[in-house]
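To keep things clear, I will list the structure first and then write my remarks on it.
The values are calculated or read from the model by the stated rules, or taken from the named source; none is laboratory data. Please read all numbers here as calculations on a predicted model, not as lab measurements. We place every Cβ from the backbone using ideal geometry, glycine too, and count neighbours over all the protein chains shown.
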Amino acid sequence: MSATWTTASIAGQHGRVAVVTGANTGLGYETAKALAERGASVVLAVRDVEKGARAAAGMTGDVTVQALDLTSLDSVRTAAAALRARHDRIDLLINNAGVMYTPKQTTRDGFEMQFGTNHLGHFALTGLLLDLMLPVPGSRVVTVSSTGHRIQAAIHFDDLQWERSYSRVGAYGQSKLANLMFTYELQRRLAAYGTTAALAAHPGLSGTELARNTPAALRIPLGWITPVVTQTPAMGALPTLRAATDPAALGGQYYGPGGRYEVKGHPRLVTSSAQSYDIAVQQRLWAASEELTGVTFPSGAAIAR
């Protein structure tokens, strides 16, 4: 695999429809911008449509905006219905939006904010859109995780919503671990169908707004080193773009920066933590996610095991 994969490596995306969540800023913006420049019809699925419109104005190509608030299952369902009314196919679903290290709070549905936004919102959106992808050969669901899936991370089935105690770092780690477990279980369900693949990516350390809630205890020691070790959002978006567009990428793969410790660099295949590959936990999380969201995936994806 090339060590210098860039946006110039992206093949033409003409005729393809891509939905990118959280695309008004940061990694999502760069991901959407690159896909639009290569000819895709791109939907910026964002909470703030005014910011989305400003972001779209900075892109070239066919770019539209769709309201989507991942902290509300009602909004997720409304957005999915609108996308279904507007498009008869989706080639790429990029589950990019996320929050990190938020103070203890809940979504509109009562879920812990990081787990509810980063995992459950995207789980529901994917389930509601997947039947627009299953008939499309080469379609892909790419979910953005983080190296944070290794830090204080576990799926706390006895307290998924952190109601008994709360750790900003632990809750973020759970949500990013859930992103990977969702990807791997989804790919297992999709494999026999043969048209749609599920992949994951992480951006390394990128200079985006995502870290604005970093606790002071972490922010102070990291302050001096952050400008040295982080990379631009455009570089941070490359693993996602490679997972979404590289013809050689396969379902179940995970892409991240190729530099030391996966902090920065051009994208390559990486591996996730040992626990992320635990099939029993993946399946238990899937069942819990269906119960919590009320979203059951279409029969084409729920191939009997």
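Could you please find all residues in the range 51-74 being more than 14 Å from Glu30 (Cα to Cα), in contact (Cβ under 8 Å) with a residue 24 or more places away in the chain and of a type in the set (Ser, Thr, Tyr)?
Of everything in the range 51-74, those that are more than 14 Å from Glu30 (Cα to Cα), in contact (Cβ under 8 Å) with a residue 24 or more places away in the chain and of a type in the set (Ser, Thr, Tyr) turn out to be Thr71, Ser72.
Does any residue of the range 196-205 turn out to be farther than 26 Å from Ala18 by Cβ and not in a strand (DSSP E or B)? Full working, then the answer.
Going residue by residue through the range 196-205, those that are farther than 26 Å from Ala18 by Cβ are none.
Scanning the range 196-205, I find no residue that is farther than 26 Å from Ala18 by Cβ and not in a strand (DSSP E or B), so the answer is no.
A quick yes/no check of all residues on (1) at pLDDT 95 or above; (2) surrounded by 18 or more Cβ atoms within 10 Å (Cβ to Cβ); (3) under 18 Å from Asn118 (Cα atoms):
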residue: Asp159; (1), (2), (3): yes, no, yes
residue: Ala192; (1), (2), (3): no, no, no
residue: Ala198; (1), (2), (3): yes, yes, yes
residue: Ala201; (1), (2), (3): yes, yes, yes
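Please enumerate the residues belonging to the range 250-277 that are closer than 20 Å to Arg188 by Cβ, in contact (Cβ under 8 Å) with a residue 60 or more places away in the chain and not in a helix (DSSP H, G or I). If you could, list the steps in order and put the result at the bottom.
Narrowing the range 250-277 to residues closer than 20 Å to Arg188 by Cβ: 250-255, 269-277.
Now restrict to residues that are in contact (Cβ under 8 Å) with a residue 60 or more places away in the chain: 251-252, 254, 269-270, 272-273, 275-277.
Result: Gly251, Gly252, Tyr254, Leu269, Val270, Ser272, Ser273.
So which helices (runs of 4 or more DSSP H) are wholly in the range 18-106 and hold at least 1 residues that are within 20 Å of His202 (Cα to Cα) and touching a Gly at 6+ places or on another chain (Cβ under 9 Å)?
Here the list reads 26-37.
For the range 279-293, indicate whether the set of residues that are in a loop (DSSP other than H, G, I, E, B) and either modelled with pLDDT of 95 or more or in contact with a strand residue (DSSP E or B) (Cβ under 8 Å, 6 or more places away or on another chain) (or both) is non-empty.
no
Within the range 91-105, is there a residue that is in contact with a Pro (Cβ under 8 Å, 6 or more places away or on another chain), of a type outside the set (Val, Ile, Thr) and over 22 Å from Val270 (Cα atoms)?
Keep residues of the range 91-105 that are in contact with a Pro (Cβ under 8 Å, 6 or more places away or on another chain), which gives 101.
If we keep only those that are of a type outside the set (Val, Ile, Thr) too, we end up with 101.
Pick out the ones that are also over 22 Å from Val270 (Cα atoms) and you get 101.
Yes - at least one qualifying residue is present in the range 91-105.
With β-branched (Val, Ile, Thr), modelled with pLDDT under 95 and surrounded by 14 or more Cβ atoms within 10 Å (Cβ to Cβ) as the only criterion, which of Thr126, Thr143, Thr183, Thr208 stands out?
Criteria check complete, one pass: Thr208.
Tell me which of these Ile94 doesn't satisfy, since it passes every other one: (1) touching a strand residue (DSSP E or B) at 6+ places or on another chain (Cβ under 6 Å); (2) more than 30 Å from His156 (Cβ to Cβ); (3) β-branched (Val, Ile, Thr).
(2)
Any chance the range 130-147 includes a residue that's outside any loop (DSSP other than H, G, I, E, B), over 27 Å from Val263 (Cα atoms) and of a type in the set (A, V, I, L, M, F, W, C)?
yes
Considering each residue of the range 84-106, count those that are more than 18 Å from the chain's Cα centre (by Cα) and either surrounded by 15 or more Cβ atoms within 10 Å (Cβ to Cβ) or closer than 22 Å to Gln174 by Cα (or both), and give that number. Steps first, answer last, please.
At the first step, the residues of the range 84-106 found to be more than 18 Å from the chain's Cα centre (by Cα) are 84-89, 103-106.
With either surrounded by 15 or more Cβ atoms within 10 Å (Cβ to Cβ) or closer than 22 Å to Gln174 by Cα (or both) added as a condition, the list becomes 87, 103-106.
Of the residues in that region, 5 qualify.
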